[in-house]
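Participant: Structure provided below as structure tokens; questions to follow.
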Amino acid sequence: MISTPGTNRIFIYPSIEAQTGRSLLIMATHPKAVQSAMYPDDPIALAVDYTQYYQLFAHFKPDFKRVLMIGGGGYSFPKFALSRYPGIHIDVMEIDPEVTALAGKFFALRDDSRLSIFHEDARSFLNAQGKKYDVILGDAFSSHYSIPFHLSTVEAVQRMHDALVDDGVALVNILAAIDGKDGRFLRAEYATFKTVFSQVYLFPVADPRDSQKWQNVMLVALKATSEPSS
């Protein structure tokens, strides 16, 4: 195991995927929470289930070109997207440059002319920049389960909305249940997005049938008023 010094410790260690027995390399900011994972024998593949749901953006915005990702971690989805979609350009907001350095050292992150990395706070970036994106992806956490408060407010969601093209889409990873006390934050965030975006959908990742289960839930917010095609 590799552990970085400092207040926000980052753990990097080998593991085994339970379902397949396949080797994994894990990045975590908490011993019991996986932030990123990679198959050493296939560094581009998406090794964590919820990251596969980011591909929904290609359904809701098929003519995408410019993508903003809030939260880099092991850069799992940016690596995959650069490999999968030749015409894409991705801006990644990762507040901690050490995380990016570790992704380069251990998680096969490589320089690419279609990838721009910014080491600053995402809210400050959204407040200051004038770019328009087809897609915004959210995967930022202040702990192993909590989205930073300043990224979950109506003002922050409005900034995301304003940074999208007219038919743009935002996808935000949230750890919560749908119902019950473990779903309070998700329901509050859903209501926040509904005050700003025309359409908001929830996609539970682990078990859509169990509304009490604490799991990754992908929130999808559409700026367009027209119903998406099935």
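The values are calculated or read from the model by the stated rules, or taken from the named source; none is laboratory data. Just so we're clear, the structure is a prediction, and the values are computed from it rather than from any experiment. Positions of Cβ are backbone-derived with ideal geometry, glycine not excepted, and every protein chain shown enters the neighbour counts. Quick note on the areas: whole protein, heavy atoms, side chains included, nothing else; ligands and nucleic acids left out. Shrake-Rupley method; radii C 1.70, N 1.55, O 1.52, S 1.80 Å.
Participant: Can you confirm whether region 170-190 contains a residue that is under 20 Å from Phe57 (Cα atoms) and in contact (Cβ under 8 Å) with a residue 60 or more places away in the chain?
Facilitator: Within region 170-190, one or more residues are under 20 Å from Phe57 (Cα atoms) and in contact (Cβ under 8 Å) with a residue 60 or more places away in the chain.
Participant: Another question, then. When you go through Leu126, Leu186 one by one, which is the residue that is open to solvent by less than 60 Å² (accessible area, probe 1.4 Å), under 18 Å from Tyr50 (Cβ atoms) and in a helix (DSSP H, G or I)? Steps first, please.
Facilitator: Working: Leu126 fails: under 18 Å from Tyr50 (Cβ atoms).
Going through Leu126, Leu186 in turn, the sole match is Leu186.
Participant: Among (1) surrounded by 19 or more Cβ atoms within 10 Å (Cβ to Cβ); (2) at positive phi; (3) of a type outside the set (A, V, I, L, M), where does Pro204 come up short?
Facilitator: If we test Pro204 against (1) surrounded by 19 or more Cβ atoms within 10 Å (Cβ to Cβ); (2) at positive phi; (3) of a type outside the set (A, V, I, L, M), just (2) comes out false.
Participant: Name the residues in region 91-122 that are open to solvent by 50 Å² or more (accessible area, probe 1.4 Å) and part of a helix (DSSP H, G or I), would you?
Facilitator: Listed by number, the residues that qualify are Pro97, Glu98, Ala101, Lys105, Phe106.
Participant: Within the group Val169, Val165, which residue is touching a helix residue (DSSP H, G or I) at 6+ places or on another chain (Cβ under 8 Å) and not in a loop (DSSP other than H, G, I, E, B)?
Facilitator: Exactly one of Val169, Val165 is touching a helix residue (DSSP H, G or I) at 6+ places or on another chain (Cβ under 8 Å) and not in a loop (DSSP other than H, G, I, E, B), namely Val169.
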